[in-house]
Each structure stands twice: as structure tokens, then as C-alpha cells.
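Following: one structure in C-alpha cells, then a few remarks.
What follows is calculated from the coordinates using simple rules that are stated; it is not laboratory data. Keep in mind that what you see is a predicted model, and the values were worked out from it rather than measured. Here the Cβ is made from the backbone with ideal geometry for all residues, glycine too, and neighbour counts use every protein chain on show.
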Amino acid sequence: MIKKLFVVSVVVSFVSCSGLSSDKNEPINNEISSTLSDSNSIVLDKSLGEKLYPDELNVTNQIEKALISSLEKEYPLGTTVKRDAHGKHHGCVKATFKVTNTSLNSSLKTGVFSENNKEFKSWIRFSNGRSKNDTEADVRGMAIKLMGVEGQKILSEESNEKTQDFLMINNSTMFINDLNDYVDLTNAISSGGIAKFALMHPKIAYNIYKATSKKVDNPLSTDYFSTTPYKLGNNAIKFKVKPCSTVQSKSSDKSPDFLRNALSSSLNKAESCFDFMIQTRKGSYTDMPIEDSLVDWSPEVSPFITVAKITIPKQSFETKEQMDFCENLSYTPWHSLPEQKPLGSLNRVRKQVYTAISKYRHNKNNQPRKEPTE
């Protein structure tokens with residue numbers, strides 16, 4: 001279990017909140033410091049239950065500095081800098097995202113779900129949380145980038161881009177929620193005290209064990225979840241995708257790239273599909289909290305409903321050009337229309353950290369940082 005704790009804790013694969021420095025006096029160079037956001041950057045949707053985490057900006061800045069510092073150490077000058085989390089992708093595939101909003105309340109027919117039968121071309125990236133070897137225990141990720149989304153977006157530097165991202169992992173909740181626990185966890189990793197951390201935080205250790213124990217034989221055959229809440233109209237939602245096609249899941253291939261091979265084999269034979277589903281928040285913020293991503297929202301109280309159909313056509317995605325394109329893509333939940341704003345402290349951390357990591361990675365790799373248009 002400690003090995004699995006280490007695998008996910010190094011990444012904090014969904015939030016990218018790992019690697020906090022254990023030395024608060026460690027000097028940070030100007031390039032890192034220049035990416036920090038100012039004290040006016042947090043805007044809360046209090047009517048939807050958002051609350052400021054104590055000293056949130058300071059903690060977020062620590063996370064950003066530590067992550068970039070860890071990337072500097074992991075990728076020396078002249079080497080290709082990977083993402084700090086979800087660095088290994090199985091591939092980026094072409095897909096369509098067709099809205100089916102007839103089951104939605106009229107107040108929720110907004111953002112990309114405003115027009116029934118509206119179809120968006122999309123790029124979908126499948127990935128591991130941290131591991132470079134597909135046989136190792138890890139969380140698995142699915143990130144969707146819709147193309148041709150009109151309207152001003154939230155991020156000021158990319159407000160005119162026409163993309164919208166949805167990020168998910170194959171676990172319905174996060175395994176850790178308190179930002180101070182992230183500090184404890186990363187300090188434990190830095191000092192070699194991960195076993196002690198597991199003993200002192202048994203619930204977190206168990207959550208990580210559960211999150212990394214889910215067996216996946218094919219990226220096309222598992223459910224993926226947002227884990228964190230998002231705004232939709234005047235309410236809050238969570239979302240997930242569920243396979244709606246049958247794919248071959250069992251294979252004798254157990255090579256380090258067996259998930260990529262399974263994805264390739266499936267899409268060389270036939271198209272695949274997912275239902276994109278949302279769950280609206282109902283009842284109290286205690287039962288369906290905004291600021292606690294350890295809590296599953298009850299599907300009995302609020303069932304998931306299908307609001308879009310994702311179709312991945314038969315294709316080959318393993319050309320060098322497409323794999324390089326996949327490597328250079330940036331995903332963030334904040335590539336979003338305001339009507340679908342990410343909610344909660346974990347998402348607010350991601351707003352700053354994802355942008356900083358993307359800028360650092362593209363700069364070091366001498367690659368343009370631009371949202372795709374085709």
C-alpha cells in the first residue's frame with residue numbers, strides 16, 4: 001500500500017498539487033516567481049457554496065513554486081520537459097461531442113449544452129497519472145478538448161480561444177482534500193517519511209489505495225469522473241463519462257505500453273463511444289458539498305443524466321506528428337465558458353498551477369503555447 005501511496009502522492013495526479021517544498025526558505029528563481037498570481041485573483045461563487053480556504057493564495061503559490069522546482073530537477077537542461085502529472089499519454093484521438101440536452105431543465109441549457117444536437121469536433125487525451133509503465137498501479141486520465149466553442153472564456157490570456165476542456169480520472173472522488181494535508185504529504189515524501197505519513201493519515205492512505213487499485217485493461221472500457229464540482233447555469237454539477245460500446249478489455253499483452261496498444265487495437269477495428277453525463281447538486285451543501293471533494297454526491301438523490309454522446313471514429317493515432325501534437329497540448333478545467341466555471345478550492349489551485357506549468361513546459365521545450373483551431 002505504501003508503494004501505491006507513493007505513486008499517487010508524487011503526482012497528486014488530478015490536482016497537480018504534489019511536490020510542495022519541505023524547505024520554505026529555499027530560494028526560488030525569478031522565472032518561477034514571475035508566474036505567481038496576484039492577491040485579487042480569487043472570485044468566489046458564494047451562492048453556490050464556495051468558501052475561501054485559509055491562506056489559500058499563499059498555499060497555492062507554494063504549490064506552484066515547488067512543482068516548477070521539481071520539474072527543474074527532474075528534467076535537466078536540454079531534455080524534453082513533460083507534464084508534472086499525466087505525463088505519459090496513451091494517445092490523442094479525434095472525436096465528436098454531440099449535445100443531447102432534452103433531459104435538462106431549461107435553466108441548465110447553457111454553455112456548450114445550450115443547443116440540442118450541437119456537435120463539436122474534439123481531441124481526447126488518455127493518460128496515466130504518473131507511471132511510465134502501464135502495468136503499474138495508477139490512476140488513469142481522460143481529458144476532452146472541444147473545438148469551435150464560441151464565447152469569451154474565463155482565462156484572460158485565452159479569452160478569445162474557441163476551446164472548452166473537461167478533465168477526468170477513473171475515480172469518483174479525490175483521495176485528499178485539505179491543502180495542509182498536501183503540505184504534510186509532500187514533506188513526508190521529501191524527508192523519506194512516507195510510511196509515517198500513512199500511519200498518521202490512515203484515511204488518506206486508504207483513499208489512495210482504492211484510487212490506484214482499479215484495474216483498467218483498455219482506456220475505452222472504464223468510467224471517468226470529474227471528482228470536483230462545476231457551475232452550470234444557476235446550479236452546481238459533477239460530470240462523468242460512461243462507455244457505451246463494447247471493446248476488447250482482456251489481453252495477454254502486459255508490456256509497459258499495453259494500454260496504448262489496447263487503445264490502438266480497438267480503434268483500428270471499430271469506432272467507440274461514451275455517454276457524457278452530469279449530476280446536479282440537490283439538497284444541502286453538507287450532503288453534496290462544493291469544497292469537499294472526498295464526498296460522493298449520492299446518485300440515488302441525484303442520478304446522472306446523459307447530456308452528450310462522444311463518438312470516437314475508427315482511426316490510427318500513432319504517427320509521430322500526432323503524438324507530438326498530443327505532447328504539446330495543454331488541458332485545464334479553466335479553458336471554459338463562465339457558465340461552466342470550475343468550483344471549489346482544488347479547482348482554484350488548478351487555475352494558477354496548470355497555467356504556470358504549461359508556460360514553463362512550453363518555454364523550456366521551445367514550443368508555441370497555443371490552443372488548437374482544427
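Computed quantities for the displayed model
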{"read-out": "Candidate values [x] 142, 41, 34; [y] 55, 50, 41; [z] 65, 58, 35, label of the one derived for Cα extents along the principal axes in Å", "value": "[y]"}
{"read-out": "Size of charge dipole - the chain - debye, nearest 20, with Cβ of Lys, Arg +1 and Asp, Glu -1, no other charges", "value": "780"}
{"read-out": "Cross-link pairs Lys240/Lys341; Lys46/Lys94; Lys162/Lys214; Lys254/Lys370 - those with Cα-Cα distance over 28 Å", "value": "Lys46/Lys94; Lys162/Lys214; Lys254/Lys370"}
{"read-out": "Cα→Cβ-extended label distance, 7 Å offset, between Ser103 and Ser284, nm", "value": "2.9"}
{"read-out": "Radius 14 Å from Cβ of Gln279, net charge of other residues (Lys, Arg +1; Asp, Glu -1)", "value": "+1"}
{"read-out": "Estimated FRET transfer efficiency (Lys94, Lys214; beta-carbon r; R0 35 Å; 0.05)", "value": "0.85"}
{"read-out": "3J(HN,Hα) from dihedral phi, the range 66-80, Karplus parametrisation 6.51/-1.76/1.60, rounded to Hz, x for glycine, proline", "value": "5, 5, 5, 4, 5, 5, 4, 6, 6, 10, x, 3, x, 9, 6"}
{"read-out": "Contour minus Cα-Cα distance for Glu271 and Asn116 (0.36 nm per residue)", "value": "53.5 nm"}
{"read-out": "Inter-label distance, nm, simple model (7 Å from Cα along the C-beta direction), Lys203/Lys309", "value": "4.2"}
{"read-out": "Net charge of Cβ neighbours under 13 Å - reference Asn365; Lys, Arg +1; Asp, Glu -1", "value": "+4"}
{"read-out": "Net charge over other residues, Cβ less than 14 angstrom from the Cβ of Lys162 (K, R count +1; D, E count -1)", "value": "-1"}
{"read-out": "Linear extension gain, Ser156 paired with Cys244, 0.36 nm per residue minus alpha-carbon span", "value": "28.0 nm"}
